[in-house]
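What follows is a single structure, written as C-alpha cells, with notes after it.
Please treat every number below as a calculation from the coordinates, not as lab data. Worth saying up front: this structure is predicted, and the values here are computed from it rather than measured. FYI the Cβ positions are ideal-geometry reconstructions off the backbone, even for glycines, and counts take in every protein chain you see.
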Amino acid sequence: MSKETDKPTQMARLILPEKEVELPIVIGTEDEHAIDITNLRADTGYITLDDGYRNTGSVKSDITYIDGEQGILRYRGIPIEQLAEHSTFVETAMLLINGELPSRENLAQFRASLTEHEMIHEGMRHSFAGVPPSGHPMATLSAMINTLSCYNTDVMRMEDELTFENAAARLMSKIRTVAAAAFKTSVGEPMMYPHPELSYCRNFLHMMFSIPYKDYEPDPDEVRALRLFLILHADHEQNCSTATVRMVGSSGANLFASCAAGVCALWGPLHGGANVMVVEQLERIHKLGMTVEQLVERVKRKEERLYGFGHAVYKSYDPRAHILRDHAPKVLSKLTVNDPLLNIARRMEETALNDDYFVSRNLYPNVDFYSGVLLRAMGIPVNMYTVMFAIGRLPGWIAHWKEVHDGETRINRPRQVYMGAVKRDYVPVDQR
Ligand code: CMC
C-alpha cells in the first residue's frame, strides 16, 4: 500500500446543514491532496456525488504517477521517456508488476517462464474454430482469456507468491499467442506455433505474419517500434479498463476473469478503441480529399469528435503522444513506408493546436493519435489495433489486480443518489 508522507495529518472541515465534521486529508508522495470520506456516511448520513468518478480517488496506489497538467507519466517513479529509450517491454512489465527493475538473473528467469508458457492448449483450437472469421478480434481476445482460465485451473487460487508469478507469466505469454491466433482466425490462415528462440515482440510478429511454408523476418526497426508501442501502453493508473480490472478483482474474481473484463472495457471508442477511430478518420480525409480545416470545422460544429485528441486527465500534451510523434516518422522512413496519413495527422495537429476551440478546452493529441500510423507501418491490420493496446496494457492490469489482491481493498461498491419513482403499487396488466 501507499507510503504516505510523514507530514502530520491535516483535517478538512465540512459544514453541513445539521453539523460540522472534520475529515482527514491524505497526501500522496507527489503532494497530491485528497479528502478521506470513508466514514462520511456513517458519521453524517451523507454520501458524495461525483458523476463518472472524475474527482474520486478510489484507491491509494503505488504503481503509476500522472500529472495531467504538466504531462508527466512515471511507472513506479521512473519517467516514461527513460523507459521508452532504455527498457524492454518484458523488463517494464516486471517493473510494473513487482515494483522494482529486475536483476539480470530475475529477468532471465521471467523470460524463461514466458517461453515455457507460450503455447496454448491444443484443445483451444476448437474454441477458435467456433469463432466466425467476421468476429472482431477484441471479442475473441476477451473470450479466449476467459477460456484460458479453464485450462489453467491450477493458478486460479493465489495461495502464494509463486502461484501469482506463474499466473502472471502464463497470462503475459499466452495473450500474444491468443491475439495472433484471433488474427489468423479472422483472415482464415492457420494458427502459427510460437518460437522459443524469439524475443517477446519478435515472437508475436512471427505468430502474426509467418505462414506454414514461410517464416516472417521482421526488420529490427519494426521489432523496436512494437517494443516502444507496448511500453508506452503498459499502464496508465485508474483508466477505464484498469478500474474495471480492479473492480472485478475486488469481488475476488481470478486474474484471468478480471483481465478479460479489462479487454471489454478497453474496446470502446472513447478508450482503447480510439486508435482505430483515428486511422479511420484520417483515411476518410485522405479518400474524400477533404482538407483538415474542413474536418476541424465539423468537429467544432460537434458533428463528430476529433479522435486521438483530448484526455480525461491530461490537460496538456500527452507525453506518450510526444514520444510517438517523434518516433513514427523515423520508423516510417527506416521501413521505407511513405504514408500520406502521417502528413495529414501532422497538419491536423498543427491546425487544431492553433484553433481556439481546442486551445480553450485544453485538447491535445493523446497516445492514440500517432499510434495507428505506427501500427500501419508495421503492417498490423486496423481491427487488431485495440488488441495491440490490450497486449501492452496487460502488465498494468496484472499489477493493479495484484495490488487489489494483496491490499485491504473491500469489494468495490459505489453508491448512488436515487432519482426514480417513489413507492407506488403494482398495477395488473389489464388495468394499465
Ligand atoms: N474532439 C472534439 N471535442 C472534444 C474532444 C474531441 N476529441 N474531446 C473533448 N472535446 C470537447 C467536448 O465536446 C467538450 O466540449 P464542450 O465544453 O463544448 O461541451 C469539452 O471538450 C470537454 O470534453 P469532455 O467530454 O468533458 O472531456 P472528457 O475529459 O470527458 O473526455 C475523452 C475525454 C478522451 C473521452 C475525450 O477527449 C474524447 O472523446 N476524445 C476522443 C477519443 C479519444 O481519443 N480517446 C482516447 C483517450 S487516451 C487513450 C485511452 O484512454 O485509451
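Couple of notes before you dig in:
- For segment 349-381, a tally of residues being closer than 24 Å to A312 by Cβ and touching a residue at least 24 places away in the same chain (Cβ under 8 Å) returns 21.
- Test: residue in segment 351-361 that is in a helix (DSSP H, G or I), in contact with a Phe, Trp or Tyr (Cβ under 8 Å, 6 or more places away or on another chain) and within 9 Å of the ligand (Cβ to nearest atom): yes
- Flag for D160 being of a type in the set (D, E) and closer than 18 Å to I97 by Cβ: yes
- Qualifying residue in segment 143-156 (condition: surrounded by 18 or more Cβ atoms within 10 Å (Cβ to Cβ) and not in a helix (DSSP H, G or I)): yes
- For segment 363-414, the set of residues classified as over 22 Å from R202 (Cβ atoms), assigned to a loop (DSSP other than H, G, I, E, B) and in contact with a helix residue (DSSP H, G or I) (Cβ under 8 Å, 6 or more places away or on another chain) consists of L363, Y364, N366, T409, R410, I411, N412, P414, listed by residue number.
- Listed by position, the helices (runs of 4 or more DSSP H) enclosed by segment 251-340 that each have at least 1 residues that are buried (at least 21 other Cβ atoms within 10 Å of the Cβ) and more than 15 Å from the ligand (Cβ to nearest atom) are 255-266, 319-334.
- When we screen L282, L295 for residues that are touching a residue at least 24 places away in the same chain (Cβ under 8 Å) and farther than 19 Å from V359 by Cα, the only hit is L282.
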